[in-house]
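Worksheet for the structure shown next.
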Amino acid sequence: MRIAEVSKRTGISTDTLRYYERMGLLPHVRRNERGVRDYDETDLARIRFIKCMRSAHVSIEALVEYMALFAQGDATLEARKDILVEQREIVRERIAAMQEGLDRLDYKIAHYDDLIVEAERTMQQ
């Protein structure tokens, strides 16, 4: 299957698919006699996994390391788990930072609500 069809089926742009290949996330995409990429079901499964991990905010660098370990087999199970645990902690830190930002915005909005109510009272007097 050609890259355009893979892009359509997965919702990942052709540029991103090429990038994943350059980064080593899709290292074995076959090419036909004209040099055109020819993705198979194994490639699609790998792309779906990458998409899943990216939607969980796993970094490209961590994914590259994870996929290299995956290729080495079950002897790397613990190392792969460690990568996922580390990525989970990074996501938790991002969530905490975003929550702080949301709390600040909520505070400022409440402050403006108070100012607006006070201004309306002043105008009515």
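The values are calculated or read from the model by the stated rules, or taken from the named source; none is laboratory data. In this text the structure is predicted, and so the values were computed from the model without any measurement. Because the Cβ atoms are built from the backbone with ideal geometry, glycine has one as well, and the counts that use them run over all protein chains shown.
Scanning the range 17-37 for residues that are of a type outside the set (Lys, Arg), surrounded by fewer than 16 Cβ atoms within 10 Å (Cβ to Cβ) and on the phi < 0 side of the Ramachandran plot gives Tyr19, Met23, Pro27, His28, Asn32, Glu33, Val36. Report yes if Arg18 is under 24 Å from Met1 (Cα atoms), in contact with a helix residue (DSSP H, G or I) (Cβ under 8 Å, 6 or more places away or on another chain) and not acidic (Asp, Glu), otherwise no. Yes, satisfied.
Residue-by-condition table, conditions (1) modelled with pLDDT under 95; (2) surrounded by 13 or more Cβ atoms within 10 Å (Cβ to Cβ); (3) over 15 Å from the mean Cα position of the chain (by Cα); (4) polar (S, T, N, Q):
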| residue | (1), (2), (3), (4) |
| --- | --- |
| Tyr66 | no, yes, no, no |
| Ala75 | no, no, yes, no |
| Ala79 | no, yes, yes, no |
| Glu93 | no, no, yes, no |
| Met98 | no, no, yes, no |
| Arg104 | no, no, yes, no |
| Lys108 | no, no, yes, no |
| Met123 | yes, no, yes, no |
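Scanning the range 38-54 for residues that are hydrophobic (A, V, I, L, M, F, W, C) and surrounded by 12 or more Cβ atoms within 10 Å (Cβ to Cβ), which turns out farthest from Leu84 (Cα to Cα)? Only one residue tops the list, namely Leu44. One residue stands out among those in the range 6-16 that are on the phi < 0 side of the Ramachandran plot and in contact (Cβ under 8 Å) with a residue 24 or more places away in the chain: the one that is surrounded by the fewest Cβ atoms within 10 Å (Cβ to Cβ), which is Arg9. Evaluate the range 34-50: report whether one residue or more is touching a residue at least 40 places away in the same chain (Cβ under 8 Å) and β-branched (Val, Ile, Thr). Looking through the range 34-50, at least one residue is touching a residue at least 40 places away in the same chain (Cβ under 8 Å) and β-branched (Val, Ile, Thr).
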